[in-house]
Amino acid sequence: MTRRGATFASVAIPLALVAVLALLPGMVGAYETHLLILTLLAIGLAVSYRPLLLAHQVSLAHGALYAIGAYGFAILGVDHGVSFWLAIAAGGVFAVAASIVIGIPSLRTSDAYFLLITFAFSVVVISLIQNTESLTGGFAGIAGIPYPPGVKTEDDFFYLSLVVVAVTVAVFILLDRSRWGLELRGIGSSSDLAESIGIGRTGALLLAFAIGALFAGILGGIYASFIGFIAPQSFSLWLSVSILTSVIVGGVRYVWGGVIGAAFITLVPLLFNFGGSWEAIFGAVSVIVVLFAMRHGIVTELVAYCRRRFGSAPTASVPVGGALGNLDGGPIPTRLPIGANHVLEVRGIAKSFGGVHAVRGVSFQLCAGETLGLIGPNGSGKTTTFDLISGFRRPDGGEVKVNGAALAHSPHRVVRGGLARTFQATSVFTGMTVFENVLLAAGAHTRRNPLRRLLLPVRRSRRERRIAEGILDELGLAASAGALAEDLPYGHKKVLGIAIALATDPDVICLDEPATGMTEAEIAHLIAVLEHLRSTRQIAIIVIEHRLAVIRTLCDRVVALRAGEVISEGDAETVLDSPEVAEAFLGGSAE
Amino acid sequence: MLSQVVVNGMVLGAFFSLMAVGLTLIFGVLRVVNFTHGVMFMLGAYATWYLNKQGAPYLVAVALGGLSVGLFGVLLEIVVLRRFRGLLIEGAVVAIALAILLQNLALQVIPLSPQSVPTPFEGTAHLGGVYIAWQRIFIVVVAVVLIAGLSLFIKRSRFGRSVRALQQNPQAAELQGIRPDLVAPLVFGVGATLAGLAGGLIVPVQQLLPTIGEGPLLDSFVVVVLGGLGSVEGTLIAAMLIGLAQSATTTYWTEPASIAVSFLIAIAVLVVRPQGLLGNE
């Protein structure tokens with residue numbers, strides 16, 4: 001399908017769907033209309049829940065936030081006479097406030113805590129609703145909740161829900177295509193890599209939790225108005241679980257996964273008239289079957305199948321160096337001169353783990369455009385040094401300055417100061433194309449208008465596209481731009497790791513074992529790439545590498561570490577040929 | 001009054017630790033947040049009730065009940081959870097689904113009306129102004145013996161070393177010849193046994209209803225969050241703290257508030273120490 005065709009379809013199909021749904025109330029009975037309204041609300045819940053799951057975070061609080069919205073609306077609207085839509089909005093705001101209060105402490109730590117805390121939160125909310133009778137009516141609930149002004153019949157209510165849920169889905173499609181949507185995918189794929197290119201993990205997740213809460217709260221109010229009566233039984237923990245179930249069954253990758261999943265999980269039990277227990281069993285079995293048989297969910301697997309069957313899958317197997325013909329084998333491009341100012345100053349940094357001094361008193365400086373090799377046997381503290389200067393670990397002592405400013409203590413702030421790093425293991429964002437990998441990195445570290453970050457499709461931002469395309473071109477990855485990152489051959493993945501770091505426009509780039517595991521041809525390609533970089537920008541490079549031939553070819557200076565301390569420093573030839581280094585590496589003889 | 005509150009709290013803490021230690025061990029080795037733990041508790045309680053009704057003496061019923069739940073846990077790990085080892089999200093989702101499935105399948109066979117189980121430890125002890133049911137003293141004794149034995153086993157035995165190695169670094173452990181396919185089902189079985197025993201131990205002093213596992217599941221979640229996921233010592237300290245907090249809330253305020261209070265304590269600790277009391281995540 002052409003681009004224009006795809007855009008047309010992505011607008012026309014949803015509109016057609018809404019049109020078909022709009023015809024339904026005239027064609028089906030009152031009972032079916034009732035079911036359709038419940039299904040629409042379930043779709044809204046699933047779609048607003050999905051962003052967290054996209055970032056690989058499971059919340060079991062969505063149902064509780066829905067309950068908070070419903071009760072907030074009912075208490076204000078029924079007991080205090082607040083006008084209808086104001087009370088609905090207030091319900092949304094209450095849910096957002098709750099999400100922030102529990103999100104801040106629980107999102108900072110590992111994913112498991114968030115899951116446990118949101119689960120506990122749900123139980124506590126239900127228990128509070130049951131036990132604060134003066135406010136919530138306890139088990140008796142709140143009755144006599146009115147329809148919205150102007151809405152008379154259930155058919156009217158259907159149209160209202162249709163509009164609200166269609167708007168919800170449209171908003172979440174926009175969010176999904178935005179830079180923030182891409183950030184969430186990045187966090188879900190690798191939260192370390194995401195931090196290393198400047199994405200603030202906690203902030204992005206909190207936003208997902210809060211935006212989801214806003215919609216859950218509003219939908220909760222609408223539900224309360226539709227049913228006319230709310231009680232604790234309406235919001236059991238099962239509700240949160242069934243929202244999670246819907247998205248997993250439908251598939252996380254596309255917004256439509258949430259839509260289809262919610263329709264499936266809600267409609268099937270209602271249509272076949274399963275009782276309470278069998279409805280739960282149906283949901284549970286659906287999840288287990290999906291996780292065993294089609295791990296990515298119905299919609300995701302269906303799209304993948306159609307791509308394989310009908311579309312031309314983008315091929316990833318471009319021969320190494322093929323696209324870099326202009327670089328490989330040609331004369332070495334002229335380097336830009338080394339500057340006089342220090343872009344990186346490391347002074348006496350130290351870190352111990354338990355009683356082990358991983359790094360002790362390590363100091364070195366780096367000038368703009370210079371290349372420094374960091375060598376040493378396994379366990380000598382090379383990667384720990386990288387972790388310390390890139391903000392992934394906090395040093396016990398000493399200081400690091402990038403461009404004269406003291407280092408920030410979190411990776412996503414360090415990269416804003418001009419220092420980027422790669423990781424020892426191949427580290428790319430899986431589930432995204434090569435182009436999206438670099439596009440994400442190309443804008444993640446710059447501050448921007450929050451509305452643009454949330455609502456502007458990330459592919460529309462011309463400047464970042466240009467940066468990403470330029471870097472892919474430079475590094476010889478342009479031909480694989482449309483391939484999924486995980487499908488790249490090994491050497492290409494490593495180069496993509498460098499492209500990601502480079503896209504943050506760093507003054508200093510730290511490469512952790514870039515040549516490890518590469519074939520000779522891939523190493524030649526890597527060296528050509530780095531030499532090319534030095535000819536186009538005055539970038540300072542630090543390389544950790546065990547292949548000393550790579551160090552010899554590239555580095556101006558070398559720092560050798562052993563047991564966490566610097567044992568030798570100087571120009572590459574001197575250090576590599578020094579007896580201390582030879583001994584540290586090989587126990588006597590030279591390379 | 002105060003000493004009664006403290007004693008009640010410690011009894012509660014001992015009971016929580018029976019549940020929570022298994023949860024934290026299972027998370028340490030499988031990286032799965034085990035939502036089936038409450039169902040295991042419920043199954044242990046009903047197995048005890050059933051065996052007792054068939055004529056088995058209470059102590060035999062509890063032991064057999066716990067062991068059969070443990071065996072069921074081993075099977076569950078091998079058949080289902082094995083595939084989701086190390087996958088936090090998928091593992092949690094599948095555990096939730098299993099919990100719901102098992103709970104609702106159980107509803108098809110177990111009686112829905114409240115049941116009770118008689119115990120040989122009847123009556124209440126009166127010790128220095130503090131009243132405490134003999135059955136609760138029995139629960140504390142069993143909990144202390146089991147957890148002390150388990151800690152010793154994990155510290156000293158070959159199997160225990162494998163468990164700790166898998167917790168710290170699964171890949172390195174596998175390279176050393178430790179087989180997660182053997183260790184994980186056993187760890188899951190041990191956790192399930194403890195949960196099943198806890199269920200059997202509680203039925204003489206609590207009405208047996210199909211929902212009996214929900215409260216303990218939540219309590220043990222709060223305990224492991226507070227103690228630090230994967231840390232047994234942290235879990236024990238947290239179990240005591242939560243026990244005392246719930247006992248105090250119940251006595252001085254109102255029972256329904258106790259779960260909210262323990263949740264707030266866990267949240268407050270997370271604000272100061274994001275990894276829990278003794279966690280090292």
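Taking residue B:147 as the residue in question, decide whether it is closer than 22 Å to residue B:198 by Cα, surrounded by 17 or more Cβ atoms within 10 Å (Cβ to Cβ) and touching a residue at least 60 places away in the same chain (Cβ under 8 Å). For residue B:147, the condition - closer than 22 Å to residue B:198 by Cα, surrounded by 17 or more Cβ atoms within 10 Å (Cβ to Cβ) and touching a residue at least 60 places away in the same chain (Cβ under 8 Å) - is met. Sub-9 Å Cβ pairs linking a first residue in region A:11-31 that is under 23 Å from residue A:257 (Cα atoms) to a second residue that is of a type in the set (Ser, Thr, Tyr), at least 6 apart or interchain, are A:22/A:159; A:24/A:33, ordered by first then second residue.
So, of the residues in region A:190-227 that are in a helix (DSSP H, G or I) and among the polar types (S, T, N, Q), which turns out to be farthest from residue A:447 (Cα to Cα)? I'd like the intermediate steps shown before the answer.
Applying the first criterion (in a helix (DSSP H, G or I)) to region A:190-227 yields A:191-196, A:201-227.
Of the ones still in play, those that are also among the polar types (S, T, N, Q) are A:191, A:196, A:202, A:225.
Values: A:191: 19, A:196: 16, A:202: 16, A:225: 41 Å.
Residue satisfying both the conditions and the ranking: A:225.
Against the condition of a type in the set (Val, Ile, Thr), open to solvent by 10 Å² or more (accessible area, probe 1.4 Å) and more than 28 Å from the chain's Cα centre (by Cα), how does residue A:362 come out, does it pass? Walk me through how you get there before you give the answer.
Working: of a type in the set (Val, Ile, Thr): yes; open to solvent by 10 Å² or more (accessible area, probe 1.4 Å): no; more than 28 Å from the chain's Cα centre (by Cα): yes.
Considered against the rule, which asks whether it is of a type in the set (Val, Ile, Thr), open to solvent by 10 Å² or more (accessible area, probe 1.4 Å) and more than 28 Å from the chain's Cα centre (by Cα), residue A:362 comes out as no.
Which residues, counting only those in region B:243-268, are at the interface with another protein chain (Cβ under 9 Å from one of its Cβ atoms) and more than 23 Å from residue B:144 (Cβ to Cβ)?
B:254, B:256, B:257, B:259, B:260, B:263, B:264, B:266, B:267, B:268
If you check residue B:100 against the conditions, is it assigned to a helix (DSSP H, G or I), within 14 Å of chain A (Cβ to nearest Cβ) and touching a Leu at 6+ places or on another chain (Cβ under 9 Å)?
In short, no.
Reported count of residues in region A:130-156, each being assigned to a helix (DSSP H, G or I) and either surrounded by fewer than 19 Cβ atoms within 10 Å (Cβ to Cβ) or out of contact with any helix residue (DSSP H, G or I) (no Cβ under 6 Å at 6 or more places or on another chain) (or both), is 11. Looking only at region B:80-116, residues that are in contact (Cβ under 8 Å) with a residue 60 or more places away in the chain, of a type outside the set (A, V, I, L, M) and at negative phi come to 7 in all. Residues in region A:389-410 that are of a type in the set (D, E, K, R) and in contact with an Asp or Glu (Cβ under 9 Å, 6 or more places away or on another chain) were compared, and the one that is surrounded by the fewest Cβ atoms within 10 Å (Cβ to Cβ) is A:399. The strands (runs of 3 or more DSSP E) found entirely in region A:519-583 include none that carry 1 or more residues being farther than 24 Å from residue A:359 by Cα and among the charged types (D, E, K, R).
Taken over region A:365-388, the residue count meeting the criterion of being part of a loop (DSSP other than H, G, I, E, B), out of contact with any helix residue (DSSP H, G or I) (no Cβ under 7 Å at 6 or more places or on another chain) and open to solvent by 30 Å² or more (accessible area, probe 1.4 Å) is 2. Each residue in region B:74-97 was checked for being assigned to a helix (DSSP H, G or I) and either facing another protein chain (nearest Cβ under 7 Å) or open to solvent by 10 Å² or more (accessible area, probe 1.4 Å) (or both), and 15 pass.
Only a single item in (1) more than 15 Å from residue B:26 (Cα to Cα); (2) open to solvent by 20 Å² or more (accessible area, probe 1.4 Å); (3) under 14 Å from the mean Cα position of the chain (by Cα) is not met by residue B:172, and it is number (3).
Condition check ((1) aromatic (Phe, Trp, Tyr); (2) within 28 Å of residue B:107 (Cβ to Cβ); (3) modelled with pLDDT under 90) across all residues:
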| residue | (1), (2), (3) |
| --- | --- |
| B:187 | no, no, no |
| B:192 | no, yes, no |
| B:195 | no, yes, no |
| B:201 | no, yes, no |
| B:205 | no, yes, no |
| B:209 | no, yes, no |
| B:219 | no, yes, no |
| B:223 | no, yes, no |
| B:229 | no, no, yes |
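Within region A:103-114, residues that are at the interface with chain B (Cβ under 8 Å from one of its Cβ atoms) and in contact (Cβ under 8 Å) with a residue 24 or more places away in the chain reach partners that are open to solvent by 20 Å² or more (accessible area, probe 1.4 Å) and in a helix (DSSP H, G or I) with beta carbons closer than 7 Å, at six or more positions or on different chains, in the pairs A:104/A:206; A:108/A:202; A:111/B:88. Quick one: is residue A:419 among the hydrophobic types (A, V, I, L, M, F, W, C), in contact with a Ser or Thr (Cβ under 7 Å, 6 or more places away or on another chain), at pLDDT 90 or above and buried (at least 21 other Cβ atoms within 10 Å of the Cβ)? Taking the combined requirement at face value, the residue satisfies it. Do we have residue A:95 as more than 9 Å from chain B (Cβ to nearest Cβ), of a type in the set (A, V, I, L, M) and buried (at least 24 other Cβ atoms within 10 Å of the Cβ) here? For residue A:95, the condition - more than 9 Å from chain B (Cβ to nearest Cβ), of a type in the set (A, V, I, L, M) and buried (at least 24 other Cβ atoms within 10 Å of the Cβ) - is met. Does region B:106-129 hold any residues that are over 30 Å from residue A:284 (Cβ atoms) and either crowded, with 16+ Cβ neighbours inside 10 Å or in contact with a His (Cβ under 8 Å, 6 or more places away or on another chain) (or both), and which are they? Matches in region B:106-129: B:119, B:121.
Counting only helices (runs of 4 or more DSSP H) that sit wholly inside region A:409-511, those with at least 3 residues that are under 21 Å from residue A:178 (Cβ atoms) are A:434-444, A:450-455, A:462-474.
Of all residues in region A:136-150, those that are at negative phi and within 14 Å of chain B (Cβ to nearest Cβ) total 2. For region B:223-242, the criterion of a residue being more than 10 Å from chain A (Cβ to nearest Cβ) and either free of Cβ contacts under 8 Å to residues at least 24 places away in the same chain or acidic (Asp, Glu) (or both) is satisfied by at least one position. Among the residues making up region A:6-42, those that are open to solvent by 40 Å² or more (accessible area, probe 1.4 Å), under 34 Å from the mean Cα position of the chain (by Cα) and among the β-branched types (Val, Ile, Thr) are A:7, A:11, A:13, A:18.
Report yes if residue A:207 is of a type in the set (A, V, I, L, M), in contact with a Phe, Trp or Tyr (Cβ under 8 Å, 6 or more places away or on another chain) and modelled with pLDDT of 95 or more, otherwise no.
On the way: of a type in the set (A, V, I, L, M): yes; in contact with a Phe, Trp or Tyr (Cβ under 8 Å, 6 or more places away or on another chain): yes; modelled with pLDDT of 95 or more: yes.
In short, yes.
Within region A:103-118, the residues that satisfy the criterion of being open to solvent by 10 Å² or more (accessible area, probe 1.4 Å) and either at pLDDT below 90 or within 17 Å of residue B:259 (Cα to Cα) (or both) are A:108, A:109, A:110, A:111.
The values are calculated or read from the model by the stated rules, or taken from the named source; none is laboratory data. Here the structure is a predicted model, which is why all the values come from computation and not from measurement. Don't worry about glycine lacking a Cβ; one is built from the backbone with ideal geometry, like all the others, and counts go over all protein chains shown. Ligands, DNA and RNA are excluded from the accessible area calculation, which covers all protein heavy atoms including side chains. Shrake-Rupley method; radii C 1.70, N 1.55, O 1.52, S 1.80 Å.
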